[in-house]
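Just so you know, all these numbers are worked out from the coordinates, no wet-lab data involved. Predicted model only: the values in this text are computed from it and were never measured. Positions of Cβ are backbone-derived with ideal geometry, glycine not excepted, and every protein chain shown enters the neighbour counts.
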Amino acid sequence: PEKVVTGAAKMIERGAAMTVSGDENRYASTGLADIAANVEGARKIADLMKSLTGKNDPALAERIDAGFAAVEEALAKHRTPEGGFVSFDLLSDSDRAELNVRLTGLAESLSRLGGALVAHRQRQYNRT
């Protein structure tokens, strides 16, 4: 489970890096859609893992939920009426910076989830 959570955190970190560099999918202009897909996948992973750790670390679970909400709110500003996203190169520097800060915060919270899983497993082991 820790590797799965680490993978989710890395997906979000890649999205944060892309907001700074703008390099990923430069010619396809799908950067925001890629970030949104990574956020969606990371949320599914986090939701599954929080069922194991949420009781032991409710503050972390709340930070993760707030992080996802913040990223999704930032992404929603750039949705098109058709449900897609505007081209990444149309984002202003401040839009990119906002997305970067929110994605970085979420990635940090997700990276702590791996440690919470280890602690949960250790408590389970100690009970037996």
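Please list 3J(HN,Hα) in residue order for region 84-96, calculated via the Karplus relation 6.51 cos²θ - 1.76 cosθ + 1.60 where θ = phi - 60°; whole Hz, with x for glycine and proline.
After applying 6.51 cos²θ - 1.76 cosθ + 1.60, I find x, 10, 5, 5, 4, 6, 8, 6, 6, 4, 5, 5, 5 Hz.
Which far-off residues, 5 or more places away or on another chain, put their amide H under 5 Å from the one on PHE85, with H placed in the peptide plane?
It is THR80, by chain and number.
At 0.692 mPa s and 37 °C, plugging the Kirkwood radius over alpha-carbon pairs of region 28-94 into Stokes-Einstein gives what diffusion coefficient in µm²/s?
Result for D is 247 µm²/s.
Enter the mean projected area of the convex hull around the alpha-carbon atoms of region 59-128, in nm², rounded to one decimal. Show your work: numbers first, answer last.
Details: hull surface 24.3 nm².
About 6.1 nm², averaged over all directions.
Go through 99-110, 82-93, 54-65, 31-42 and give me the packing order, highest mean Cβ count within 10 Å leading.
Ranked from most to least packed, the peptides come out as 99-110, 31-42, 54-65, 82-93.
Could you tell me the largest-minus-smallest coordinate of the C-alpha atoms of the chain on each of the three principal axes, in descending order and whole angstroms?
Here the spans come out as 56, 24, 22 Å, largest first.
Charges only on Cβ, +1 for Lys and Arg, -1 for Asp and Glu: so what's the dipole of region 41-87 about the Cα centre, in debye to the nearest 20?
Numbers: 7 positive and 7 negative charges, 17 e Å.
Using Cβ point charges on Lys, Arg, Asp and Glu, region 41-87 gives about 80 debye.
Given Cβ point charges of +1 (Lys, Arg) and -1 (Asp, Glu) and nothing else, what value in debye, to the nearest 20, does the dipole of the chain about its Cα centre take?
Roughly 760 debye for the chain.
Would you calculate, for the chain, the mean residue ellipticity at 222 nm contributed by helices, counting each DSSP H stretch of 4 or more residues as -39,500 (n - 2.57) and dividing by all residues, to the nearest 500?
-27000 deg cm²/dmol
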